[in-house]
Amino acid sequence: MISAAPRGTIPAAVGLLALAFACTGRPERPAGSSPAGGGRGSGARRMAERLEKITRGLDPTKNMFINSTRADYLKTGIAKMPGQRMSLLPLVADELLKAGRTEEAIAIAQSLLHPAPADAVEAPSPAQSHEFLGLAFMRLGEQENCVAHHGIDSCLMPIRGSGLHTLPRGSRGAIEEFSRLLEEKPDDLGGRWLMNIAYMTLGEYPDKVPRKWLIPPSTFASEYDIKRFYDVAPKLGLSISGHAGGAILEDFDGDGFLDIMFSSMGVRDQLRYFHNDGDGSFSDRTEAAGLTGELGGLNIVHADYDNDGHPDVLVLRGGWMKTGGRYPNSLLHNNGDGTFEDVTEEAGILSLHPTQTGAWGDYDNDGFVDLFIGNESMPGDPNPSELFHNNRDGTFGDRSIELGNTDFGYVKGVAWGDYNNDGRQDLYISILGGENRLLRNDGRRPRPGPHGEEWLFSDVARQAGVTGPSDSFSTWFWDYDNDGWEDLFVAGYRITDLSDLTAMHLGRPTRTEMPRLYHNNHDGTFSDVTHAMRLDRVALPMGSNFGDLDNDGWLDVYIGTGEPSLGALIPNRLFRNAEGRFFQDVTTSADVGNLQKGHGVAFGDLDNDGDQDILEEMGGWFESDMAPHVLFRNPGHGHHWITLRLEGRRSNRSAIGARIKVRLMTARGGRDVYLTAGTGGSFGGNSLQQEIGLGAATGIEAIQVTWPATGEVQMFRDVAMDRVYRVVESEAGLQPVTVKVLSF
């Protein structure tokens, strides 16, 4: 997980690292400048000071992300421990590569190919050095081309057009090194994959790839032509670079246009807020919004927690950092005037645990959304997950005890959903390295004490058949087959190395942990239909989300891929839902197979033309592993649509958990489309306006909305298609909304 090279290339000797740092002393602080200070309010200032204090105290022996500092101290350690030189040099090269000091890393690795006779026994094997050098040259090519000169074709596999590298030295060097590696280890499928990518960057794939190492182009072909989604981020000024982080599409100021928010996990990475100016452009309002000093955050999730009509944001910090990840989260209250205020302490949710996942849901149906935060608990370092009940006055109370023992393990994804249609929100918890949990919401029972009641949950994952996969990540409830019952998707997160990806493309067996698509059996149980639905594909899902990209009334899924290893050049993947029968890989048709690390994914109609665009926050863990964010504009598919802006009154204002059923009239008879209001998956935030594809419908017979707090059902008949409507709980009739269509 932590090596810059593919796993097993130059091993990280933890003991040597600790020894080297012990001999050199700890740095006063990691490299980087101080933050500019908090936003306009005292909460923001206190949070900025808190984050700065934590950052200054980072321990380079434990924090794997301050790579330049680690490299420099290891180099100093060599001078003080000359007997460990050959053991430490590979570690120095590894840290330099992670730090972006690529040519320094290359020079060291090349020297290790020709060690002095006395050092030969301790030196890495030639195969290890060639593999590391191949990766280092690949990184050099990426840095000099698709990152430094990012354009609409950059990093998109298969690489072509303006995505070809104009500075070829990196890819040329990579081809040379991987050729040497494959001559020594012809079955190294990871090296074979990266060699093919290197040839692509030069426009020489497939013709110049040695036949014995060629991955056939036919294996990348799409299974359906969904048309190309062009990346418009560069021309809109949105292709800023970041590390792994979150993304939200939402109309934060109520002007009718979706805005954008990005987070990035780097300890000094600023949260960024881009306002949609309604004229085809965006402006950076980060400072004006009072967000300066809100740093880091591997994920961001949003909802209107105080029912004032303005969507608020929770920033989640410390994910993957283990013992170094005891960061506070931030609750950013939307003031409704274009500014935000950090109210974490005032709201009562300040705690210090490593996390990247949280979910909003009104579990007790009192009309205010509650909050569950899944923390990363490890042996010897417990970090119990937290359930915060909304007190309906801007504060929250810790009700974690109602879930029992919340030391669930290494939680990577959480989702609320009513899987048994009893009107109560249930909770699914995705755990890396353990059995997943499905906590059925059993309702309240009276009890003595200040709350006068307690809420009951039962773990029914085993009975329901949804404990796997054993290594999992992002997750969500959705009705992929439009039968009125929420199904469950759980991303598998284990790939041995790039060999599995190559093996899949060559039709060979793989060892990867596949995702799970669980079909709801309508009786409290689920069936694993992953293979039948053709989603058992090798990927490494991180950020991911779902929506209806071709407006046919069936929910599709986009998966951001990657792991910390710099060698994990795995295309992000788009799967089209073929009328609930199976999923089709349409990645190359849509041209959305970005090879950089994919994190927060958000679907939303940014240009108000009736179809969903895809926003993705890009970048990895390490200092150098930054990548420009992307915004794939939907080309349109000629299908009808409708957008509903729901407003709860007795239910929560965001209408999270509201159930929508659209009865369509078609040439083949009636059909139903189902959707549950929310922000989609657990790693990325879709817009809270509900964008619904209607396919080739000839009309809408009825729209039914079931409100979560009361169970009230509103029915609207003879509704025009291709329109935006406001839907207010308990108010008769849909309210048409006039929108301005933008040109990007």
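Residues in region 453-466 that are open to solvent by less than 40 Å² (accessible area, probe 1.4 Å) and without any contact (Cβ under 8 Å) to a residue 60 or more places away in the chain: E454, F457, S458, A461.
Within region 352-396, if we keep just the residues that are open to solvent by 20 Å² or more (accessible area, probe 1.4 Å) and small (G, A, S), the residue that is farthest from G443 (Cα to Cα) turns out to be G380. Taken as a whole, region 223-243 holds at least one residue that is buried (at least 22 other Cβ atoms within 10 Å of the Cβ) and over 27 Å from V739 (Cα atoms). Determine whether region 144-154 contains at least one residue that is surrounded by fewer than 22 Cβ atoms within 10 Å (Cβ to Cβ), of a type in the set (S, T, Y) and either within 24 Å of the chain's Cα centre (by Cα) or assigned to a helix (DSSP H, G or I) (or both). Within region 144-154 (the criterion being surrounded by fewer than 22 Cβ atoms within 10 Å (Cβ to Cβ), of a type in the set (S, T, Y) and either within 24 Å of the chain's Cα centre (by Cα) or assigned to a helix (DSSP H, G or I) (or both)), the answer is no, since none of the residues qualifies. When L540 is tested against (1) at pLDDT below 95; (2) farther than 30 Å from L371 by Cα; (3) aliphatic (A, V, I, L, M), just one condition goes unmet, and that condition is (2).
Of the strands (runs of 3 or more DSSP E) lying entirely inside region 399-449, those containing at least 2 residues that are open to solvent by 10 Å² or more (accessible area, probe 1.4 Å) span 410-417, 437-446.
Region 619-701 holds strands (runs of 3 or more DSSP E) entirely within its bounds, and those carrying 2 or more residues that are among the charged types (D, E, K, R) map to 640-647, 659-666, 669-676. Pairs meeting the criteria (first residue in region 56-73 and basic (K, R), second residue in a helix (DSSP H, G or I), beta carbons under 7 Å, at least 6 apart or on different chains) are K62/T323; K62/G324; R70/E95. Here G374 fulfils each of the conditions (1) in a loop (DSSP other than H, G, I, E, B); (2) within 24 Å of the chain's Cα centre (by Cα) apart from (1).
Just one of the listed residues (R576, R534) is more than 16 Å from the chain's Cα centre (by Cα), on the phi > 0 side of the Ramachandran plot and modelled with pLDDT of 95 or more, namely R534.
D253 passes every criterion in (1) closer than 23 Å to T355 by Cβ; (2) at pLDDT 95 or above; (3) surrounded by fewer than 23 Cβ atoms within 10 Å (Cβ to Cβ) apart from (1). One residue stands out among those in region 83-128 that are more than 21 Å from L140 (Cβ to Cβ) and in contact (Cβ under 8 Å) with a residue 60 or more places away in the chain: the one that is most open to solvent (accessible area, probe 1.4 Å), which is Q84. Of all residues in region 270-279, those being closer than 18 Å to V315 by Cα and open to solvent by less than 30 Å² (accessible area, probe 1.4 Å) number 3.
Scanning region 301-319 for residues that are in a loop (DSSP other than H, G, I, E, B) and surrounded by 22 or more Cβ atoms within 10 Å (Cβ to Cβ) yields a count of 5. Scanning region 187-221 for residues that are in contact (Cβ under 8 Å) with a residue 40 or more places away in the chain, among the polar types (S, T, N, Q) and open to solvent by less than 40 Å² (accessible area, probe 1.4 Å) yields a count of 1. The criterion of at least 2 residues that are modelled with pLDDT of 85 or more is met, among helices (runs of 4 or more DSSP H) falling completely within region 1-102, by 42-56, 67-80, 85-99.
Taken over region 194-246, the criterion of being at pLDDT 95 or above, over 30 Å from F274 (Cα atoms) and aromatic (F, W, Y) is satisfied by Y199, Y205, W213, Y224.
The values are calculated or read from the model by the stated rules, or taken from the named source; none is laboratory data. Keep in mind that what you see is a predicted model, and the values were worked out from it rather than measured. Positions of Cβ are generated from backbone atoms using ideal geometry, with glycine treated the same way; all protein chains shown enter the neighbour counts. Ligands, DNA and RNA are stripped out before the accessible areas are found, and what is left, the full protein with its side chains, is counted by its heavy atoms. Shrake-Rupley method; radii C 1.70, N 1.55, O 1.52, S 1.80 Å.
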